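The values are calculated or read from the model by the stated rules, or taken from the named source; none is laboratory data. Computed from a predicted model, the values in this text were never measured in an experiment. Cβ coordinates were reconstructed from backbone atoms using ideal geometry, including for glycine residues, and neighbour counts include every protein chain displayed. To get the accessible areas, we keep the full protein, side chains included, count just its heavy atoms, and leave off ligands, DNA and RNA. Shrake-Rupley method; radii C 1.70, N 1.55, O 1.52, S 1.80 Å.
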Amino acid sequence: MSYQDLPPYLSTIAVSYAAYLIATISPGPANLAIMSTSMREGRTPGLMMACGVIIGSMTWGLLAAFGLSTLLSSFGWLMTAFRIVGGTYLLWLGYKSLKSALGSQTPQAMKTDKNRSNTQYLLLGLGIHLTNPKSIFAWLSIITIGITPDASTDLSFIIVGGCVFLGVFVFGGYALAFSTQRMIDLYRSFRRWIEGTAALIFGFAGFKLLTMK
């Protein structure tokens, strides 16, 4: 698809970008994990987790563009496996957040967890996104919004590329904003409430994944 072919599709592309932007800005397991990691452990771990989430988002986006829905409809057990792994992982994150909320230790600002490497933070972020089958459904919806029957298949990759670009700003922005001293001080003041809320969101999301049909 050339640039001359794009104008008729600009409005639908814009709607797809807007839908993705709303979905990524809205509170969810990935955003919450980036925010809490940035506030607890510092900027670098938060950015590494954001990178993992971005890679996971790009992976689902590309798979959606290649037509993953056909594969999932043919192999129903694959979606069941995603639900079990993703739901269990989210419940584990909920347990960790609840444990932190009930604990008495106040985290030190900008102090990273020495037992966890940057690569591990990246893999954690990647795991959150890849084990959540709702991500692929969201991507399928976003691409469907921007694709018309007469559109070229290249259009789906244009949508994915633009959305990933937006994701870099959103997820990276969360990591940068919530690793500032002001946000860290705010976190320390409301740590129990923040971690308690995180535990509820992770727990609810995990339960929904494990029980959804």
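Give me the residue from the range 179-203 that is open to solvent by less than 40 Å² (accessible area, probe 1.4 Å) and of a type outside the set (D, E, K, R) and, out of that set, modelled with the highest pLDDT.
S179
Whether any residue in the range 125-135 is open to solvent by less than 40 Å² (accessible area, probe 1.4 Å), assigned to a helix (DSSP H, G or I) and at pLDDT below 80 is what I want to check.
Checked against the condition, which is being open to solvent by less than 40 Å² (accessible area, probe 1.4 Å), assigned to a helix (DSSP H, G or I) and at pLDDT below 80, the range 125-135 yields at least one hit.
Return the pairs, sorted by first residue and then second, in which the second residue is open to solvent by 70 Å² or more (accessible area, probe 1.4 Å) and not aliphatic (A, V, I, L, M), the first residue lies in the range 166-188 and is in contact (Cβ under 8 Å) with a residue 12 or more places away in the chain and within 19 Å of I25 (Cα to Cα), the beta carbons are less than 7 Å apart, and the residues are 6+ apart or on different chains.
Filtered contacts from the range 166-188: A175/R43; L176/R43; S179/R43.
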